[in-house]
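Asks: Dropping a structure here in structure tokens format, bear with me for questions.
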Amino acid sequence: ISRFLFFFFLFLLKPETAAVLKRTVEALMERGAVVRNLENLGERSLPYKISKHKERHRRGGYFLIDLEGPPSIVSTMMDHLGRDIDVIRRAFIKHPVSKTEECSGIIPVNYEDKLIAKKK
């Protein structure tokens, strides 16, 4: 299992945006992904005009989904979202998993030594 950042942007009206996000997250989970976070990066002008599904787009809503899943999920989701008429662009970025340090346990403290040290 790898960790990915899934990035896509779309151009929709607000009520339709929720439906697209729900469809996308459900499709990811059906393919074995665990969605950790969904972030709306806001609506903004696209860097250039994009023609997709017989329409030209100048603005788009940007979204970032943090997920963990098998690497095979990438190609199937790219195909799936390529057919979705509401998605303009999509991209997966492999996210390096930060190593967690193991806890060495609680270091015992000798309180008697601390009390004696303060009295002097």
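Asks: Hey, what do the phi angles of the stretch 42-54 turn into as Karplus ³J(HN,Hα) couplings, whole Hz, using 6.51/-1.76/1.60 and θ = phi - 60°, x for Gly and Pro?
Replies: So the Karplus estimates, Gly and Pro as x, are x, 9, 7, 5, 6, x, 7, 5, 10, 9, 8, 6, 6 Hz.
Asks: Another one. Given points 7 Å out from each Cα along the Cα-Cβ axis, report the SER75 to ARG58 separation in nanometres with one decimal.
Replies: In this crude spin-label approximation the distance works out to 3.9 nm.
Asks: Positive end of the dipole of the stretch 2-97, charges at C-beta (+1 Lys, Arg; -1 Asp, Glu), about the Cα centre: which of SER75, TYR48, VAL20 has its Cα farthest in that direction?
Replies: TYR48
Asks: In whole percent, how big is the carbon plus sulfur part of the accessible area of the stretch 2-97, probe 1.4 Å, protein atoms only?
Replies: With neighbouring chains kept in place, the figure for the stretch 2-97 is 55 percent.
Asks: Enter the per residue convex hull volume of the stretch 16-55, computed from alpha-carbon coordinates, in Å³ rounded to the nearest integer.
Replies: Spelled out: Cα convex hull of the stretch 16-55, divided by residues, is 119 Å³.
Asks: Give the calculated FRET efficiency between HIS95 and SER51 to the nearest 0.05, with a Förster radius of 25 Å applied to their Cβ-Cβ distance. Each step should come with its number before you reach the end.
Replies: Details: r = 30 Å, r/R0 = 1.20.
The value I calculate is 0.25.
Asks: How large, in Å, is the stretch 2-97 by the Kirkwood hydrodynamic radius built from its alpha-carbon pairs?
Replies: Its Kirkwood hydrodynamic radius stands at 13.6 Å.
Asks: Let me ask something else about it. Rounded to the nearest 10 Å², what accessible area does LEU64 show when all protein chains are kept and the probe is 1.4 Å?
Replies: 40
The values are calculated or read from the model by the stated rules, or taken from the named source; none is laboratory data. Keep in mind that what you see is a predicted model, and the values were worked out from it rather than measured. Neighbour counts run over all protein chains shown; Cβ positions are idealised from the backbone, glycine included. Only protein heavy atoms, including side chains, enter the accessible area calculation; ligands, DNA and RNA are left aside. Shrake-Rupley method; radii C 1.70, N 1.55, O 1.52, S 1.80 Å.
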